[in-house]
Amino acid sequence: MSDEQRSPASPEPGGGASGGDASDGGATAGGASGGTERRGPEPEPIRFFGTTWVHHDGGYGLRRAGVAVGSLALAAAGAAVLRFAFQGLEIADVGPFVGILVVAGFAICSALAFRRTWDGFVRRRDPAAESAADRSAQSLMFIGFIGSLLAYFCRSLVEAPGERMHRAEYVAARARYERRRGARTGNPAVRRSWAKKRR
């Protein structure tokens, strides 16, 4: 499917459900069928931001602040819950070795989840390349949820998480569309001569 025909309401990998919201400035599914080809490729919505990242409007700054505060608060709440769980292990007197294993396991899973989430902000994952190992890594992401939340917090201090990747893809798609449109609306004689040369 070409960039011109791609629906703007399709969620990004990871399930951005807020992109179709009209308040986000994103196009609805009905508008995608009629005018997308005339206007060219549409920006892809980002979770929690919709398409406000394009022009930084529609409460973009408030959304970034909300994502930063919310992710940090959730990470702190998760750390408190893990602290209570660790205290339960101390009360059960399971021994220092088990306690060290639990702490190390959560720390490693959190680091892996942080790295995986951060990589998702800067590069697009190839769905065809996803293997069983990638799918099994979801359990590590679940255990290390604090790392994912901290990745959202750190990235939202700079931009909407994933904004740089989406902007680069959108600019490239617009450039391809403009080149194609320029070739379609150019001199018909030039197009015919170019077609003969290609033969």
Residue list for segment 39-63, restricted to those being crowded, with 16+ Cβ neighbours inside 10 Å and over 21 Å from Glu169 (Cα atoms): Gly58, Gly59, Arg63
When you scan segment 102-124, do you find a residue that is modelled with pLDDT under 85 and open to solvent by 60 Å² or more (accessible area, probe 1.4 Å), even just one? yes
Can you name every residue in segment 136-182 that is touching a residue at least 60 places away in the same chain (Cβ under 8 Å), farther than 14 Å from Asp119 by Cβ and not in a helix (DSSP H, G or I)? Leu157, Glu159, Ala160
Say whether the condition of being modelled with pLDDT under 90 and open to solvent by 40 Å² or more (accessible area, probe 1.4 Å) is met by at least one residue in segment 142-161. yes
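The values are calculated or read from the model by the stated rules, or taken from the named source; none is laboratory data. Computed from a predicted structure; not experimentally measured. Positions of Cβ are generated from backbone atoms using ideal geometry, with glycine treated the same way; all protein chains shown enter the neighbour counts. These accessible areas exclude ligands, DNA and RNA; they are computed on the full protein's heavy atoms, side chains included. Shrake-Rupley method; radii C 1.70, N 1.55, O 1.52, S 1.80 Å.
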